[in-house]
Amino acid sequence: MGDSSVAAGALVPSVPKPDSAPSGGDAAQAQHHPSLAEDAGASPSPSSSPRQEEDQEDGTEAAAAADRELLCPICMALIKDAFLTACGHSFCYMCIVTHLTHKSDCPCCSNYLTKAQLYPNFLLDKVLKKMSARQVAKTASPIEQLRHVVQQGNDMSVKELDSLMTLIAEKKRQMEQQESETNMQILLVFLHCLRKQKLDELNEIQTDLQYIKDDINSVERHRLDLYRTKERYSMKLRMLLDEPAASKMWPSPMDKPSSLFLPNSRAPLNASSPGGLNNRKLDLRGQVSHQGYQRRDALACPDPPNPPIQSSNVIARKRRVQAQFNELQEYYLQRRRTGAQSRRQEDVTMNREGYHEGLEDFQSVLTTFTRYSRLRVIAELRHGDLFHTANIVSSIEFDRDDELFATAGVSKRIKVFEFSTVVNEPSDVHCPVVEMATRSKLSCLSWNKYSKNIIASSDYEGIVTVWDVQTRQSVMEYEEHEKRAWSVDFSRTEPSMLVSGSDDCKVKVWCTKQEASAINIDMKANICSVKYNPGSSYYVAVGSADHHIHYFDLRNPSAPLHVFGGHKKAVSYVKFLSNNELASASTDSTLRLWDVKDNCPVRTFRGHKNEKNFVGLSVNNEYIACGSETNEVFVYHKAISKPASSHRFVSSDLDDADDDPGSYFISAVCWKSDSPTMLTANSQGTIKVLVLAP
């Protein structure tokens, strides 16, 4: 679905990031922060008089002047080890000595000065120490104060210092003991939490083991029943096959006199063997009795015999189980636990095989998942023609009866093909049975599920058109969308209703019996996909560029019933597997399955690549198919988060053999109803019919 070029498909819309507000001056800051404005223009408190303010200012200036007098004129820091010069100026001892090493004048008055004219200023040193102590007392922590006292405590005696050290040592022991108790308490809390967690895990494992044990017993009982049933049918079959032989071995009543009294008979009957016939009867009865005992023993056998040699199909299915064992295990335990909880809440009966509901559901999943392992190509056709080089197929859909399928894309044509002809009559070129030209590139198709000849399309100009395939004419054209329309869908339960979504951030519901839209929903982001719930004409799922799926009840469209969040980029497709199961695709390279009844996520599927293009999404009861920007189609089972199979498109044309396969991508997929067969198309214009195979 390319807009500017044929090779590149249409990009999935994304929500633009809001522009950051330009940084302004003080006025802008004051506007966003009123407190700043108040502080900037704050006036003095009315309770303070001008005289008091002047006194405060004078005191502040005097303190600042006094502080300046205590600074060394050389280093401009508080004087340390004050020394006085002959000219009356005070400096740090190291500062003035260093200065006089290079010069012989006073830094303040420039009078001649030597090191011999320097004298210690004891009074100033004492003042500075007291001042420093006051500053430490005001601002320093107790530890810093203590360190300062020890460092400056020249008048402190040894006894006082020893007492202080004893006090500090005792405090240290108390703190170490308290810290040890705290550490033990934290360790104990951790161990208790770990014990509780492991006990919970153990209980869960024991419960799971009990589930597995019960299920093994159920499966073994069912397997034994199947074996006994098989033996009963085998016995009946042998009896039916043995009846002609038994009738031949038993002489009929009409044959007895002739066999006994015919004079020319060759039978070895004479007076010396009167019990010969009776002996033959007894032998035959013994044989029949022996066969009966064997059959009864077979029916009474508690265990079936050793399994026969496994076929290649069984071995392959076991390999698939091992390959996805972790995923299958997770699903089995999930279903089994859910079934057990529901059984505790309600009186849930078992099925006729003795299976619990969770086991029966898992067996169904295991059967369908291991049945197929690959996608096999059964037919292929090219969508392009000599007159239209644009080949990207944006949408492909089956009709109501799966007899016809329609394709649409950037070629501005809707082509309808007969499925049986494509599959059963291999040909390089298949001509469509119907072809309809449009004014703009097409983005989506939707067949009416009630009327076989009605199909709807949406295009890049925002026009939603309803077509009659039989007459090849448009029935209705809706032109209310202001931008490109990405998606359109007919309702299954109300065939006259259809819904569309567009880049103008609007969802519109139409009725084929009227020209204007019936319902209009305004949203805040581009609409990428819309889909009716198959069980109701009231519920619609909307995939949006705001990374969410909005689920609406059209009877109250002012707000969605629920908003499903989890995707990290635009939601490009939404499709219903059933009335309660909704699948979504996104350009974050994931698919997600949702439960619209309980409004909760079910599963996330990963394995394909989709970062910018519409790559298609299609679902049936069990499987989800989607395209990839690696020119592959992927199939997922709805219960397993990893791909069940995949197929890569490989160009068969010599002209395209040198092209980079990464430049093409899957653009559309569609399952045939209740069938392992699907249609896939890529951006090169190749359409393949694929079928899931063992």
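The values are calculated or read from the model by the stated rules, or taken from the named source; none is laboratory data. Keep in mind it's a predicted model, so treat the numbers as computed, not measured. Counting neighbours? That spans all protein chains shown, and the Cβs are built from the backbone with ideal geometry, glycine included. Areas reflect the complete protein model, heavy atoms only, side chains present, ligands, DNA and RNA absent. Shrake-Rupley method; radii C 1.70, N 1.55, O 1.52, S 1.80 Å.
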Hits in segment 94-120 (condition: in contact (Cβ under 8 Å) with a residue 24 or more places away in the chain and open to solvent by less than 30 Å² (accessible area, probe 1.4 Å)): LEU113, LEU118
Residue match in segment 190-212 (condition: open to solvent by 90 Å² or more (accessible area, probe 1.4 Å), over 50 Å from the mean Cα position of the chain (by Cα) and more than 30 Å from LEU359 (Cβ to Cβ)): no
Tally, over segment 534-573, of residues that are open to solvent by 10 Å² or more (accessible area, probe 1.4 Å) and among the small types (Gly, Ala, Ser): 7
Segment 494-537: number of residues that are of a type in the set (Ser, Thr, Tyr) and in contact with a Gly (Cβ under 7 Å, 6 or more places away or on another chain): 2
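May I ask you to say which residue of TYR227, TYR233 is farther than 20 Å from SER364 by Cα, open to solvent by 60 Å² or more (accessible area, probe 1.4 Å) and either modelled with pLDDT of 80 or more or β-branched (Val, Ile, Thr) (or both)? Full working, then the answer.
Values: TYR227 fails: open to solvent by 60 Å² or more (accessible area, probe 1.4 Å).
Step by step, each of TYR227, TYR233 is checked, and only TYR233 is farther than 20 Å from SER364 by Cα, open to solvent by 60 Å² or more (accessible area, probe 1.4 Å) and either modelled with pLDDT of 80 or more or β-branched (Val, Ile, Thr) (or both).
Hey, could you check segment 467-516 for residues that are among the small types (Gly, Ala, Ser) and assigned to a loop (DSSP other than H, G, I, E, B) and say which is surrounded by the most Cβ atoms within 10 Å (Cβ to Cβ)? Lay out the reasoning, then the answer.
Initial filter on segment 467-516 (among the small types (Gly, Ala, Ser)): 474, 485, 487, 491, 496, 500-502, 516.
Then keep just the ones that are assigned to a loop (DSSP other than H, G, I, E, B); that gives 491, 496, 516.
Values: SER491: 24, SER496: 16, ALA516: 10.
Within segment 467-516, the match that is surrounded by the most Cβ atoms within 10 Å (Cβ to Cβ) is SER491.
Test VAL464 against the stated conditions and say whether it is over 35 Å from the mean Cα position of the chain (by Cα) and open to solvent by less than 40 Å² (accessible area, probe 1.4 Å). Spell out the reasoning first.
Numbers: over 35 Å from the mean Cα position of the chain (by Cα): no; open to solvent by less than 40 Å² (accessible area, probe 1.4 Å): yes.
For VAL464, the condition - over 35 Å from the mean Cα position of the chain (by Cα) and open to solvent by less than 40 Å² (accessible area, probe 1.4 Å) - is not met.
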Of all residues making up segment 444-461, the number that are among the β-branched types (Val, Ile, Thr) and either open to solvent by less than 10 Å² (accessible area, probe 1.4 Å) or more than 18 Å from VAL509 (Cβ to Cβ) (or both): 1
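Which of the residues spanning segment 426-465 are charged (D, E, K, R) and farther than 20 Å from GLY685 by Cβ? Steps first, please.
Keep residues of segment 426-465 that are charged (D, E, K, R), which gives 428, 435, 439, 441, 449, 452, 459, 461.
Of everything in segment 426-465, those that are charged (D, E, K, R) and farther than 20 Å from GLY685 by Cβ turn out to be ARG439, LYS449, LYS452, GLU461.
Considering only residues that are part of a loop (DSSP other than H, G, I, E, B) and open to solvent by less than 10 Å² (accessible area, probe 1.4 Å), which ones fall in segment 588-613? Before the answer, list the steps.
Looking only at segment 588-613, we keep the residues that are part of a loop (DSSP other than H, G, I, E, B), and these are 588-589, 596-599, 607-612.
Listed by number, the list holds a single entry, ASN610.
If we scan segment 548-559, do we find a residue that is touching a Ser or Thr at 6+ places or on another chain (Cβ under 8 Å) and over 17 Å from PHE490 (Cβ atoms)? Steps first, please.
Narrowing segment 548-559 to residues touching a Ser or Thr at 6+ places or on another chain (Cβ under 8 Å): 549-550, 554.
Filter once more, keeping what is over 17 Å from PHE490 (Cβ atoms): 549-550.
Yes, there is a match, as at least one residue in segment 548-559 is touching a Ser or Thr at 6+ places or on another chain (Cβ under 8 Å) and over 17 Å from PHE490 (Cβ atoms).
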Positions within segment 381-433 being modelled with pLDDT under 90, crowded, with 18+ Cβ neighbours inside 10 Å and part of a strand (DSSP E or B), in sequence order: LEU381
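Can you name every residue in segment 624-639 that is in a strand (DSSP E or B) and either open to solvent by 10 Å² or more (accessible area, probe 1.4 Å) or out of contact with any helix residue (DSSP H, G or I) (no Cβ under 8 Å at 6 or more places or on another chain) (or both)?
ILE624, ALA625, CYS626, GLY627, GLU632, VAL633, PHE634, VAL635, TYR636
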Count of residues meeting criterion [within 15 Å of ASP402 (Cα to Cα) and among the hydroxyl-bearing types (Ser, Thr, Tyr)] in segment 412-437: 2
